[in-house]
Structures are given as C-alpha cells and as structure tokens.
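The block underneath contains the structure these notes are about, expressed in structure tokens.
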Number of protein chains: 2
Amino acid sequence: MELTKEYTYEPLTEETATTLAIRLGLFRNDVTLTCKEIGDGNLNLIFHIRDEVNNQGIIIKQALPYAKVVGESWPLTINRNKIERDALHVFGQYVPEFVPKVYYSDETLAIMIMEDLSHLVIARKGLINNAHYPVLAKHIGVYLAKTLFYTSDFALDPQEKKKLVKQFSNPELCKITEDLVFTDPFFNHETNNFEDELTPSVHQIWENIKLKQEVAKLKKKFVTTGEALLHGDLHTGSIFASESQTKVIDPEFAFYGPIGFDVGQFIANLLLNALSKPEHERLKLYDQIIETWNTFKETFTTSWVQDSIEIYTKIEGYLDFTLSQIFEDTIGFAGCEMIRRTIGLAHVADLDGIEKLNDRLIAKTNALSLGTELILNRDSIYSVEELIVFIRSVLQHD
Amino acid sequence: MELTKEYTYEPLTEETATTLAIRLGLFRNDVTLTCKEIGDGNLNLIFHIRDEVNNQGIIIKQALPYAKVVGESWPLTINRNKIERDALHVFGQYVPEFVPKVYYSDETLAIMIMEDLSHLVIARKGLINNAHYPVLAKHIGVYLAKTLFYTSDFALDPQEKKKLVKQFSNPELCKITEDLVFTDPFFNHETNNFEDELTPSVHQIWENIKLKQEVAKLKKKFVTTGEALLHGDLHTGSIFASESQTKVIDPEFAFYGPIGFDVGQFIANLLLNALSKPEHERLKLYDQIIETWNTFKETFTTSWVQDSIEIYTKIEGYLDFTLSQIFEDTIGFAGCEMIRRTIGLAHVADLDGIEKLNDRLIAKTNALSLGTELILNRDSIYSVEELIVFIRSVLQHD
C-alpha cells in the first residue's frame, strides 16, 4: 500500500488519481474506471473514481496549497488534510454511522481516500430544494452530543485530552474563522461582500457598540476555550444527507474550541435557510432546530450520566449549568454565523440564490437583525422553545 | 559549551555539579568553589555553587524523575525542567527585572543553570518573619500584568500564540493542580491532610453543594481556558524578595490557562499569611493586596492601550469587561487556593507554623470560611476595596 519512496507533493490529475487508486488495490485490475474532478478548485481537488459496472466508487480528496475565495488567493497549509483525516478518525470512534470511512491517506501528497457518498445530497442543496429530511436533526443532534462530549474533559483522561489539543492545533484554519466569522463582518473590512442596498443595515452593525462588545466576548471564547474537539465548520454544506442517512464531512477546521460553536453553526444555517422561505414554510425548519437541540441535550445528558470520568459531574446542578452555558454560546455563535454569511466573504446559496432582489434584500436584512438580536439576547433565552418564540418575534418586528 | 556526546540522564552530585560548572567555563579555572545541595529533595536537586573569594555564585537546578510529598512518591516527567526554562525565557522578554537569568540548560540532564539569588529571601519566609517588602506588591502587579497580557491573544499574533500553547502543553503538572487544588480538598480523598479538630469544618465544605458547583466551574475554566501563559504556581514560596528586589522563580507549572489563576494564587497566599497574624497586623497585607491588584490593573490597561493587536480592544467597554472577568476569576481561584492549602496535601508554613493549636485552628477555620465565601461571592465583588471590606466582614462573623 506504499507509493514509491521518492515523491513530493504535487496536485493529482484525473489520470494520476486513477493510477493511484489502482496501485493501492482499491479496485480490481480488470475493471474500467471513470474519474472526474468534482471539486470547486478553491481549496481541494476532489476526484470521484467509479467502477460503473460493479457500482463501486471512491473519493480522493487532495488539499491544494492555497485557498481561493471570490477571486482572492492565499497560501494555506496542506497539513489540513491530515487534520481532517485525524478528526474523522476521532469522530469515527464515537459516531461511525455519521462519518465517512477513510480507506487511505498520505501526508506528503496531502490526500485522503474516502467512501463514495454520491448517493447522498449536500444538505444545503437539499434544504434549498425543499427535500424532506426526517432524520437529519436527530442525527446531527446525536453527532454533536457524542463528538463533543466524548472529546471533552468530562469524558477523557486529562492527559489524553491535552494530547489531542496539541494534535489538533490548527492555527491557519482557525485564523480564517477568527477573521471571517468574528472580525471582518463587524468592521469596514475589504473582505466584506454585500449588496449596496444593504449598506444602511451594515452600518447599523458596524456602529452598534453593544453588539461589538458581545462579539468580542464570543471571539475571545472561540480563541481561548478548548472544551471539545470541534468540527469547526459545521454548516449544512458540510453534511451529506438523504431521507434516512446523514454523513458529516470536511472537518478541516477541527480544533479544540467551545462546544456551542459547532451547535450554533448548524442551527444558524437552518435559520438562514428558513429566512429564504416564505413564512409558512419556516415552521418545519424551526422544528428541525428544536429537534436538534433536544436530541443534543438528551444524548449529552445520557453520556454525562453514563460515561463521565469527572467527579464534579455527580454534583447536582452542574449538568444544568453546563447545558445552559452551551445553549447561551450556541445562540451567540449562531448570531455571528448569520451575520457573516450575509455580509462577509463567504455567503450561502440559501440567501444568494433568492432571485428577486427585493426578496433577497428582505431575507438578508432579516438575517442581520436576527443575528444581532441573538447575540445581544443570548443570556436571557432559556429553552429552545423560547428561542423559536424569540426568533419569530424578531422577524415580526421588521 | 557542550558535554560529551554519550550521556544520559542521571542525578548530579555536589562533585559532578561542580565539575560541570567548571567545564562550562562559568568560573575561572583557578578558583576554589564550594557546592551545596540546598533543595528539599522532593522534586528537584538544587546545587548552590560559590566562589567565596570573588563573591560569585550560580544555581544548578535539576529535575528528579519523581515527586515526593508527605511520604508519597510518584513518577513525574523531567521535561518540566525544559518547560521552566522556556517559561523563564518568555517571561524574561517582558519582565527581565523580575525573572532569574538562565546561563545554560541541558534537556538530557534536565538541568538549568541560573543566577544565584541567595542575597534574597523567599517571600513566604520573609512575610512570616514580618519582613518589610515595600515594592513586592508593585513588582508582582507589574509582573502579572506584563507576563499575562503579552502572552495573550490581545498582544500576540494568533499563530504565534497557538505555537506557544502547544509548546507549553504541560499535562502532568496541570494534573497535579487539577487534583490537588480543584478536586481532592472538596471530596473525602486520601491525599487530604488536616488536623482532626478541623473535621467539622471540612465536612461543611464536602457537603456544600453550592460551593462544589462553583468549584466545578472554576476547575472547568482552569482546564479549558487558555488565555495567557501562566506561571501556574505563583505562591509566595515561588518569589525571592528583598526591600528593593523581586524575582519570580520556579515556573515548572507554566501552561496556557486563565489569567485570574496566577493573580488569585498570589493574593490567596497573602491572605493566608494575613490569617496567621493578629488582626491589627493584617492591614499591611490587605494593603499589599490592594496595591497588587491596582498595579496589575493599571499596567494591564497601559499595555492594552499601547500594544494590543486585537481590533476589539478599541471597543469601548471591552477592557472593563475583561478586567472584571479577571477579577471575578481571581477571587474564585484565590478561594480554592486558601482551602487546598489548609486541608489538602500541600500546606503553607504561614498556617502550619502557628505554634499554639488553638490559634492554628482558628486561623485554619478562618481560611476555610474565607475561601468558601470568596468562591461563592466572586461575582458580586466589584473592586479590590470592596474585596477587602468583604474579607473583613467574613472574618468578623466567625
């Protein structure tokens, strides 16, 4: 299963990717393979190699040594491929059912060969197209609770946890989040990207001192608090889903951070999708949010009771405190995600894909107001049901 | 300046320590040296080598591969010698005046050769003997503010900071603090150590659910929050002092943790000393606490204004929030330190040295009550002056 000794990093082509797959014995020698590069070319090459006759396939993901977003390009460590592989390995120990299988990896080439998930659809795309996802929220609730609880100090030997903290030190990718989620959108920064018509709403954000104080606290929490091994980029574009299956992919941003960040990003992306829909279609997304949080809470609680190694978890009240802290962080981080996806560098198709300018502007203005209010009121919302009531009241006021 | 290539770790003797000092050219060849091992043999060997004629000296500190405390012995990484050296190096960049000079180090032998500070006295000893320390509080206030601010995300490039977080991963020594400061004293654990007469007070602590909830939060903050490079063990036994000079030694426990921990440990140890004195002699220790905090606050503020690289530090109100958060943590961590130094494994001479049993019991009971009340009320004390009023009111009630 080894390549020749003398090799250095170079981007694969459809041809060399196929050769590699054959050399690694991932397909029989006598089959006809097709290979297609299906990445967007911004961060990674993604080769989809298939044996159509036997209906078998694999994905080869290779990190490119740069990131390209909206015309800009900057160097970016290919080490993120290893972080992703290692994170999939850790998460796979706790939720194998929600994580793609990894067949092979090579650090020099910065490649990882994975399970072909092409029978599933990216959840963002599905949600935009009104796909029915009856198990998505439940699956993600379990995924979040288990990956986050079992990599935390509540479940891990302290020395083991500190080893993982070191292993998942991920400064370059964290910097992207620090800048693009927590900083640039709240200041007049050149990376921002929004329609001219949004300028008054954007200025309201930039001039809102109270809001910026709260985002400062959330950013500080993000950079200083290593509670659990996060996915780090858990939006609906990082999830493959069908009516019965859910797979969370792309944990390149994995690092030890605050638990509420992963939960908040997922919920924010459900909300962004909700805002792209007419009011009567939002209910089912609110229900998904409620089910995600409730599943998270139940699963986290069960793990806490059954598997905690921290003696203080036996102290009455500590679980409630922990969950309420995570919930508060979740709401705050969700607010940041909503704002940055609307006026920052990286947008979401849910909003950008709204064809009519006026509808799009309304949805985006709603995203900004809601993001702002979530951040400002995160410490006075005590249950997910209250959260939905709060969200609806904010949206009605506009 | 290199030793022969083939060598492995072995404990030095007074003879081999002297040979090493000469081989390294730290003394002239023709002088007569005296060497004395002056460590307590529990964790490290400390060789004091002197050229009496020319009045020059050095200290060789060597980590032992175990820790011995109160008869128990357990293996402990000698890597802590490197952590200590690296921490002295980092702190030396910001407060060279308060950190011993390091002349040489060797990771294999786990040794560090340092400035001889024998003209100074350990502050704990001095305080017990009523030494006059007119600059101690000011110096430690500056030391704390500068070491903590300049190693935080407020001052460091995010990637540089994350490198330091990795470099100062210190699981074994953190575990000691996690157990001996935050856990064992609050449960009926075999490492605890207290006079029989204290049993009722100790049971009050073990049965105080509200207290244990709050200690759980403080412990969680300690294990998850990497705000700055801490000294990690900043009690008055880690400080050499005179009327005009202050040197902070022994940062073996250095790691990225919450800023209030260092500040709280120092203040707690001033309080423990205060409790060992008659009431009228406590005032000057309260003044030291006030001066420490005020100096910390002023110096931290100046650095924040002048040297911050974090854009959010320009937002009105964020400095006040940060300082008030540090103050709250400081009070909580100080409370934990007071309790563990009274009933946990490692005591302080300030209290244990009180000769009369009854006086000693009163002082220790006071330490337990005060520790408890500080932890429970840390979020409703808003200034250091209020803190002193609060402390005095707790002590009067008993």
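The values are calculated or read from the model by the stated rules, or taken from the named source; none is laboratory data. Note that the structure is predicted; figures quoted are calculated from it, not measured. Virtual Cβ from ideal backbone geometry, glycine too; neighbours counted across all protein chains shown. Accessible surface areas use protein heavy atoms only, side chains included; no ligands, DNA or RNA. Shrake-Rupley method; radii C 1.70, N 1.55, O 1.52, S 1.80 Å.
Share of pairwise Cα-Cα distances greater than 27 Å in the stretch A:124-276 is 32 percent (whole percent). Amide H contacts for A:TYR256 (H built 1.01 Å from N in the peptide plane; partners 5 or more residues away or on another chain; cut-off under 5 Å): A:LEU230. Across the identical copies, the label point of A:ASN42 (7 Å from Cα in the Cβ direction) is separated from its matches by 5.7 nm, in order from shortest. When chain B is treated as a GNM with alpha-carbon contacts under 10 Å, the residue of B:HIS139, B:HIS235, B:HIS89 showing the greatest mean-square fluctuation is B:HIS89. Put the Cα centre of the stretch A:292-318 next to the Cα centre of the stretch B:9-43 and the gap is 54 Å. Rolling a 1.4 Å probe over the protein heavy atoms gives the stretch A:22-74 an accessible area of 56 Å² per residue.
Near B:VAL53: Cβ cut-off under 14 Å, other residues only, Lys/Arg at +1 and Asp/Glu at -1. The net charge is -1. Taking only protein heavy atoms and a 1.4 Å probe, the accessible area of the stretch A:295-367 is 51% carbon and sulfur. If you take all other residues with their beta carbon under 14 Å from the beta carbon of A:GLU385, and give Lys and Arg +1 and Asp and Glu -1, the sum is -1.
In a solvent-free Debye calculation with one equal scatterer on each Cα, what is log10 I(q)/I(0) for the protein assembly as shown at q = 0.07, 0.08, 0.09 Å⁻¹, listed in the order of the q values? Scattering profile of the protein assembly as shown, log10 relative to I(0): -0.59, -0.76, -0.93. When nucleic acids and ligands are ignored and a 1.4 Å probe is applied, B:CYS35 ends up with an accessible area of around 30 Å². Size of the stretch B:270-391: Rg and Dmax of its alpha carbons, in Å, are 16.8, 56. Computing FRET efficiency as 1/(1 + (r/R0)^6) for B:ASN29 and B:TRP74, where r is the C-beta to C-beta distance and R0 is 35 Å, gives about 0.25. Mean partner shielding of peptide B:213-226, defined as the number of other chain Cβ atoms within 10 Å of each residue Cβ, is 6. On the principal axes of its alpha carbon atoms, the stretch B:247-297 extends 38, 23, 20 Å, with the longest extent given first. Candidate cross-link partners of B:LYS219 among the aspartates and glutamates, defined by an alpha-carbon separation under 13 Å and a same-chain spacing of 8 or more, comprise A:ASP153, A:GLU227, A:GLU310, B:GLU178, B:ASP179, B:ASP184, B:ASP329, B:GLU337. Using the alpha carbons alone, the radius of gyration of the stretch A:51-123 stands to its Kirkwood radius in an Rg to Rh ratio of 1.03.
Residue by residue along A:314-320, Cβ atoms of other protein chains within 10 Å of the local Cβ number 4 on average. Based on Cα contacts under 8 Å between residues 6+ apart, chain B shows a relative contact order of 17 percent.
Within the P(r) computed for the stretch A:1-159, what percentage of the Cα pairs occupies the region above 27 Å? Value for the stretch A:1-159: 36 percent of Cα pairs lie more than 27 Å apart. This model, with +1 at the C-beta of Lys and Arg and -1 at the C-beta of Asp and Glu, gives the stretch B:105-185 a dipole about its Cα centre of some 360 debye.
In the elastic network of chain A, a GNM with C-alpha springs shorter than 10 Å, the most mobile of A:THR18, A:THR236, A:THR246 is A:THR18. Taking the Cβ-Cβ separation of A:VAL305 and A:ASN129 as r and a Förster radius of 45 Å, what is the calculated FRET efficiency to the nearest 0.05? Once rounded, the FRET efficiency stands at 0.70. Per-residue ellipticity at 222 nm computed for chain B from its helices equals -16000 deg cm²/dmol, with DSSP H segments shorter than 4 residues left out and the rest contributing -39,500 (n - 2.57). Straight-line cross-link reach from B:LYS125 at under 20 Å between alpha-carbon atoms covers these lysines, not counting any fewer than eight positions away in the same chain: B:LYS138, B:LYS247, B:LYS277, B:LYS284, B:LYS356, B:LYS364. Cα extents for chain B along the principal axes, largest to smallest and rounded to whole angstrom: 65, 55, 37. For chain B, a Gaussian network of Cα nodes joined below 10 Å ranks B:GLY41, B:GLY257, B:GLY237 by mean-square fluctuation, and the top entry is B:GLY41. Counting only the Cα atoms, the stretch B:217-287 fills a convex hull of 109 Å³ per residue.
Couplings 3J(HN,Hα) for the stretch B:52-62, derived from phi with the Karplus relation 6.51 cos²θ - 1.76 cosθ + 1.60 (θ = phi - 60°), are 5, 4, 8, 6, 10, x, 9, 10, 10, 10, 10 Hz, where x marks Gly and Pro. Of A:LYS146/B:LYS221; A:LYS61/B:LYS163; B:LYS68/B:LYS297, which sit over 29 Å apart, Cα to Cα? Among A:LYS146/B:LYS221; A:LYS61/B:LYS163; B:LYS68/B:LYS297, the Cα-Cα distance tops 29 Å for B:LYS68/B:LYS297. Rounded to the nearest 100, the interface formed by chains A and B buries 3500 square angstrom of accessible surface, both chains summed, with a 1.4 Å probe. The residues packed around B:THR151, meaning those with a beta-carbon under 10 Å from its beta-carbon, carry a net charge of -1 if Lys and Arg are +1 and Asp and Glu are -1. With 15 Å as the cut-off, how large is the P(r) tail for the stretch B:152-232, expressed as percent of Cα-Cα pairs? For the stretch B:152-232, the share of Cα pairs beyond 15 Å comes to 65 percent. Approximating the spin labels as points 7 Å out from Cα along Cα→Cβ, the B:GLU195-to-A:ILE38 distance works out to 7.5 nm. Ascending distances from the B:GLU97 label point to its copies in the other chains, with the point 7 Å along the Cα-to-beta-carbon line: 6.4 nm.
A 1.4 Å probe, protein heavy atoms only, puts the accessible area of A:HIS189 near 70 Å². Among A:GLU310, A:GLU243, the order of accessible area from largest down is A:GLU243, A:GLU310, computed with a 1.4 Å probe on protein heavy atoms.
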